[in-house]
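The values are calculated or read from the model by the stated rules, or taken from the named source; none is laboratory data. Bear in mind that the values here come from a model prediction, so they are computed numbers and not experimental data. FYI the Cβ positions are ideal-geometry reconstructions off the backbone, even for glycines, and counts take in every protein chain you see. Surface areas here come from the heavy atoms of the whole protein model, side chains and all, with no ligands, DNA or RNA. Shrake-Rupley method; radii C 1.70, N 1.55, O 1.52, S 1.80 Å.
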Amino acid sequence: MTADILIRDANVLDGTGGAAYRADIAITGDTITRVGHLPDGAGDLTLDAKGLVAAPGFIDVHTHDDWAVIEDPGLACKITQGVTTVVVGNCGISAAPFAPRNGLPAPFGIVPRINELRAPTVSAYADRVTAAAPAVNVRLLVGHSTLRAGVMQDLDRPATASEVETMATRLDHALTEGATGLSSGLDYPSASAAPLEEMVTLARVLARHPDALYTTHIRDEADGVIPAVREALRTAKSAEVPLLLSHHKCAGARNFGKSVQTLAMIDRARSSQSVSLDVYPYTASSSALLPHFAEAAPEVLVIWSTPHPDLAGRMLDDIAADWGTDRGGAIARLSPAAAVYFDMDDADLDRILTHPAAMIGSDGIPGTPKPHPRLWGTFPRVLGHYVRDRALLSLPTAVHKMTGLSAARFGLSDRGLIKPGMKADLTLFDPATIIDRADYAASERASLGIAHVLVGGQLALHNGAQTTARAGRFLHRKGH
């Protein structure tokens, strides 16, 4: 047997959640061809994986990399974590179909340069991804706020029946062109006025498209988190579509411990509908700088500001004190801006991370002067801190949450598992040394312990160093 790449003597975690086993992996072209003991095998390139774990390439199910994959196609922040596929278009904001009729309120700025880089259709966006040839694969959600911006002059009201109909038609077309679902960000000014009926009508479009799902940054992740989870469950059940709760959290000290209730609600709902969630392994969130987000956080770190770029990296309260104003006054002067909010509890995070329906998503915001460290450290942090150091999760379970579980949720039938016939997206790491190095002071440091990353059978990271290979592609939803 000959192969293009032969991985020797790996501890294989195949993405199913099952225990590791020793095996060789043969790759020809972009496909895994054999897995097992292959004494007769020869490869044009042989990787000695003794002491390393071979896992499916990690799938980052929650990103805002819509334009980063085109403007910075090497995407070192993901490749150095072992990420081989990113899901973009989250929180209601997507690169396509993007044709706004007016100025864009928060949170459109969480996708850098979204207003300058226009993609009116999913096909146009897919063509630009193909031309850019990013290092990672790209899966696109259609943003509800993006749809609203395309049909409404003012987003601070419910859409009319005719506007909802137009949005539904555009969503249907986007799904036909290969988008994977609909995302919403009901906690943001661009969508907070949208009633339940608007969301149900749009979500029902998804039911006509196999594997399409509804993901949502719910209407309130702080004091109103319980009714907001209830609304999301009702929306998806009414539309008869799968639901994914984005970056699930209970923000603000008044809400610490409420994950006991929200996760119980999710468990009850799962008996009659498909429900999952994603989570990042940090107790600080990050998003647009908005007063109601700041209200729930005792500390707020400004990471960028358009009118005051020199203040990136400073605490909001210090800025307000310098200006002789309160938080609200400082936010008004800094905006448009984004921030890190220190607003969560470790016990809630532990519960959410260990929930069987929870997947891993970074929610990183690229292209900012001082990004949240989750942009560079999410996946190694789970494997190093939460698996090895704290034993909160087993290694097979954690890998499953990054690979097989995510692939199944997003209809990636040829990725997320290690077995013959699957695409050769693989991450090889040292379980004894893997750890994140990015922190709030130095947030753009690559992690340790990732040895090799393959995307489409090409080495994107070799012996810990990024290569020039860029074999990523736009991944159309099957049956588009």
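List of remarks:
- Highest average packing first - 10-17, 440-447, Cβ atoms within 10 Å: 10-17, 440-447
- Cα centroid of segment 272-332 to Cα centroid of segment 1-78, whole Å: 38 Å
- Charge dipole of the chain about the Cα centre (unit charges at C-beta), most positive-ward option of Ala193, Ser285, Val142: Val142
- Of the accessible area of segment 151-265, computed with a 1.4 Å probe over protein heavy atoms only, carbon and sulfur atoms account for 53 percent.
- In this simple spin-label model, placing a label point 7 Å from the Cα along the Cα-to-Cβ direction at both Met265 and Ala441 gives a separation of 3.9 nm.
- Degrees between helix 259-269 axis and first principal axis of the chain (Cα, 0 to 90, nearest 10): 70 degrees
- Under 16 Å from Lys419, Cα to Cα: aspartates and glutamates that are on another chain or at least 8 residues apart: Asp9, Asp14, Asp24, Asp30
- Computed Kirkwood radius, in angstrom, where 1/r is averaged over Cα pairs of the chain: 22.3 Å
- Extension gain, Asp154 back to Tyr21 (0.36 nm per residue minus Cα-Cα distance, nm): 42.2 nm
- Paramagnetic reach from Glu299 (point 7 Å along Cα→Cβ, amide N under 20 Å) across segment 337-361: 338-350
- The chain: angle of helix 122-132 to the longest principal axis, Cα-based, in degrees nearest 10: 50 degrees
- Note: relative contact order over the chain, using C-alpha pairs below 8 Å and six or more positions apart, is 22 percent.
- The Cα-based radius of gyration of segment 272-311, divided by its Kirkwood radius, gives an Rg/Rh of 1.14.
- Average accessible area per residue (Å²) across segment 352-480 - probe 1.4 Å, nucleic acids and ligands excluded: 34 Å²
- The relative contact order of segment 1-71, computed from alpha carbon pairs under 8 Å that lie at least 6 residues apart in sequence, is 38 percent.
- Full extension of the segment from Asp322 to Asp430, taken as 0.36 nm per residue of separation minus the current Cα-Cα distance, would add 34.2 nm.
- With a threshold of 20 Å on the Cα-Cα distance, the over-threshold entries among Lys370/Lys401; Lys50/Lys401; Lys423/Lys478; Lys78/Lys423; Lys78/Lys401; Lys237/Lys401 are Lys370/Lys401; Lys50/Lys401; Lys237/Lys401.
- Summary of packing: across the peptides 156-169, 214-227, the per-residue average of other C-beta atoms within 10 Å ranks them, highest first, as 214-227, 156-169.
- Partner aspartates and glutamates whose Cα lies under 12 Å from the Cα of Lys249, excluding those fewer than 8 positions away in the same chain, are identified as Asp220, Glu221, Asp223, Asp278, Asp343, Asp345, Asp346, Asp348, Asp350.
- Accessible surface calculations at 1.4 Å, restricted to protein heavy atoms, place segment 129-261 at 33 Å² per residue.
- Relative contact order, percent, segment 174-231 [alpha-carbon distance under 8 Å, six or more residues apart]: 42 percent
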